[in-house]
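See below for the structure under consideration.
Rule-based calculations on the coordinates, nothing more; no lab input. Bear in mind that the values here come from a model prediction, so they are computed numbers and not experimental data. Quick reminder, even Gly has a Cβ in these numbers, built from the backbone with ideal geometry, and neighbours come from all protein chains shown.
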Amino acid sequence: MRAAVLQLSSQGMSSTKFYNYIRIAHKQGVKLLLLGEYVLNPFFKEIQNLSISMIQEQALHQSKVLKELSASYGITIIAPLIIVKKGKVYKTVAKFSPTSSVYYEQQILINYQHWNEEKFFANEIKEISTPPIFKVENFKFAIISGFELHFDKIWEHITSKNVDCVLVPSVSTFDSYERWKNLILSRAFTHNCYVLRANRIGEYTTDDISWHFYGDSLLASPNGELLEHLGNKEELMIVDMSHSDVVYARRSWGFKETMHKREAKC
């Protein structure tokens, strides 16, 4: 399976570079393209100051363009989008395939005082359910948001579905570089699957603080190894993944079978 991460700063849909990268990915045989959070939209702090009508106009335009690009180039595009439904704003990760579109409403949102998405967006707070799971050429993917990477309950659902690769669009900032890398590698190893993470780059500045988005988009192996990663510049990362490597890692470590033996005793 050949996939790609497009590491960008906030672009909107007017940037010709986005279209150029899509064409490059297509020529290289890429079947799935992953974008980071707040790449097609302004950063969260900026969105808070936009009108509902403006957010809705952006969402409709972005969805239309991404559907057309997916169909034209035969690439499944995973793109975090802010959408509007019945006058309310939702944070989603959209999947555009050549034949269909799905919008995953993020289940767990950041709720810190300095960055409270949970308070702003209308995403429902409810029991955790299975995130979107789909196949591209018989390679099984799951989608979660960057913040959801932290929560075991999400991973329980993913593990039960024997996913080959978890796609993680993120918007990591401040001094979290090493912590995020270690978390991703640990999740990939303990769940014996690839983790493909797209983190945006760029900067958002207020009067008293600078939010530096440092990139480091990466691919972790089912054995918890760092296979590929980017720096802090704009770049397209193309990666190859193998279902047989996932199967081999699961057989070698046997984590799932170990738990099944104990569950059978209950």
Using helices alone, what [θ] at 222 nm do you get for the chain, with -39,500 (n - 2.57) per DSSP H run of 4 or more residues, divided over all residues and rounded to the nearest 500? -9500 deg cm²/dmol
Whole-Å semi-axes of the ellipsoid equivalent to the range 2-264 (Cα gyration tensor, √5λ, descending): 28, 21, 19
Suppose R0 equals 25 Å. What FRET efficiency, 1/(1 + (r/R0)^6) with r the Cβ-Cβ distance, do Asn20 and Leu60 give to the nearest 0.05? 0.60
Suppose the chain between Ser51 and Glu156 were pulled fully straight at 0.36 nm per residue; how much longer would it get relative to their current alpha carbon spacing? 34.0 nm
Over the chain, relative contact order from alpha-carbon pairs under 8 Å, at least 6 apart, %: 20 percent
Which residues among the range 15-41 fall inside the zone where the amide N is under 16 Å from a point 7 Å beyond the Cα of Ile209, along Cα→Cβ? none
Sequence gap at least 6, Cα distance under 8 Å: using those rules, report the relative contact order of the range 6-153 to the nearest whole percent. 18 percent
Once amide H atoms are built 1.01 Å from N in the peptide plane, which residues 5 or more positions from Ile143, or in another chain, come under 5 Å H to H? Leu167
Loop-only trypsin sites (Lys or Arg not before Pro) in the range 37-129, please: DSSP not H, G, I, E or B, and at most 16 other Cβ atoms within 10 Å. Lys86, Lys126
quick note, the chain, DSSP beta bridge pairs, % antiparallel (nearest 5) is 70 percent
Scalar couplings 3J(HN,Hα) for the range 75-90 by Karplus 6.51 cos²θ - 1.76 cosθ + 1.60 (θ = phi - 60°), nearest whole Hz, x for Gly and Pro, are 10, 7, 10, 9, 9, x, 9, 9, 10, 10, 10, 6, x, 10, 9, 10
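Taking the range 172-255, which trypsin sites (Lys or Arg not before Pro) meet the DSSP loop condition and have no more than 13 other C-beta atoms within 10 Å? Walk me through the numbers before you get to the answer.
Details: sites: Arg179, Lys181, Arg187, Arg197, Arg200, Lys233, Arg250, Arg251; in loops: Arg200, Lys233.
Answer by residue number: Lys233.
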Percentage relative contact order, the range 175-266, counting C-alpha pairs under 8 Å, at least six apart: 24 percent
Going by how many other beta carbons lie within 10 Å of each one, how would you line up Asp240, Asp175, fewest first? Asp175, Asp240
FRET efficiency, 1/(1 + (r/R0)^6) with R0 30 Å, evaluated for Phe255 and Asp175 via beta carbons: 0.45
Is there a pair in Lys88/Lys119; Lys119/Lys153; Lys31/Lys95 whose C-alpha atoms are over 18 Å apart, and which pairs would that be? Lys119/Lys153
